[in-house]
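Shown next, in structure tokens, is the structure this report addresses.
The values are calculated or read from the model by the stated rules, or taken from the named source; none is laboratory data. Quantities reported herein were computed from a predicted structural model and do not represent experimental measurements. Here the Cβ positions follow ideal geometry from the backbone for every residue, glycine too, while neighbour counts run over all protein chains shown. For the accessible areas, the whole protein counts, side chains as well, though only heavy atoms, and no ligand, DNA or RNA atoms are used. Shrake-Rupley method; radii C 1.70, N 1.55, O 1.52, S 1.80 Å.
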Amino acid sequence: MHTLPMVTLTFDNGPDAAVTPLVLDVLRRRAIAASFFVIGARLRDPALRALAERAHAEGHWIGNHTYSHAGPLGDRRVPGHAVAEIGQTQALLGRLAHPDRLFRPVGGGGRLGPHLLSEAARDHLAAEAHTMVLWSAVPGDWRDADGWPARGLAQCLDQSRPLLVLHDIPGGAMRHLDAFLGRLADAGATFRQDFPAECVPMNRGVADAGLAQYVMPEWAKGDARCPAS
């Protein structure tokens with residue numbers, strides 16, 4: 001067990017009118033800078049965009065988590081789907097976007113694997129100089145609103161540089177956020193905003209040798225049809 005982990009905190013699937021303000025309030029009180037990977041379609045709502053603007057103004061990084069969050073891009077065969085999902089969101093982010101053009105793929109339950117990207121998605125991310133950000137700690141707050149803190153604590157304390165994924169979405173999980181962060185701090189954890197290198201297989205469009213394991217080759221898809229989610 002690592003006694004002094006340095007935790008990078010990230011939030012996916014927002015903004016949400018009720019939950020994102022709660023999360024931002026907790027982070028402000030604790031002086032923790034995080035990253036928010038937002039769903040592009042939500043930014044079309046002026047009230048939700050205002051929350052992303054607040055997060056940006058308070059020093060948090062804003063990244064792209066696809067336009068519709070309609071499933072991992074590597075599972076899709078519809079021509080132009082990946083480019084639209086990434087490109088529309090980046091356009092909506094506008095000035096809120098981090099200079100590194102941060103992108104987090106949809107994992108489908110926090111899984112890592114070739115389902116994350118199609119070849120078209122990979123090529124678009126490279127051409128547009130995106131930085132792809134993965135994760136190493138996924139306590140499942142979206143499916144277990146009360147049980148996730150114990151798993152999150154164990155996952156973070158078992159790594160020296162955990163990159164934690166939580167979600168600013170309805171369901172009640174984030175009512176535990178403040179206490180969870182306090183438990184991490186009491187255990188000796190510190191917080192930093194940058195990402196551990198092992199969770200960044202593409203940096204500003206330049207892929208490392210590990211990116212291939214997150215890309216579904218076109219030949220591997222067979223005749224499977226595009227899933228609904």
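Quick notes
- D_trans [Stokes-Einstein, Kirkwood Rh over alpha-carbon pairs] for the chain, 37 °C, 0.692 mPa s, µm² s⁻¹: 185 µm²/s
- Under a 5 Å amide H cut-off, with hydrogens placed 1.01 Å from N, Leu166 pairs with Thr10, Phe11, Asp12 among residues at least 5 apart or on other chains.
- Multiplying the residue separation of Leu4 and Gln213 by 0.36 nm and removing their Cα-Cα distance gives an extension gain of 72.2 nm.
- Computed from label points 7 Å out along Cα-Cβ, the spacing between Ala91 and Arg28 is 3.3 nm.
- Per-residue ellipticity at 222 nm from helix content only, as computed over the chain with -39500 (n - 2.57) for each DSSP H run of at least four residues, stands at -8500 deg cm²/dmol.
- Three-way shape label, the range 1-85, alpha-carbon gyration tensor, a/c 1.5: oblate
- Between the range 156-218 and the range 86-127, the Cα center-to-center distance that results, in Å: 16 Å
- Set of the range 8-31 residues, backbone N closer than 16 Å to the point 7 Å along the Cα-Cβ line of Ala185: 8-9, 23-31
- Surrounding net charge for Arg101, when Lys and Arg each add one and Asp and Glu each subtract one, Cβ distance under 11 Å: -1
- Distance in nm between pseudo-label sites at Ala197 and Ala84 (7 Å out along the Cβ direction from Cα): 3.9 nm
- DSSP-defined antiparallel bridges as percent of all bridges, the chain, nearest 5: 10 percent
- DSSP bridge orientation in the range 102-229 - percent antiparallel, rounded to nearest 5: 40 percent
- Taken per residue, the accessible surface of the range 50-161 reaches 37 Å², heavy atoms only and a 1.4 Å probe.
- Between Arg175 and Arg204, the contour length at 0.36 nm per residue exceeds the alpha carbon distance by 6.9 nm.
- Share of carbon and sulfur in the accessible heavy-atom surface of the chain [1.4 Å probe, %]: 55 percent
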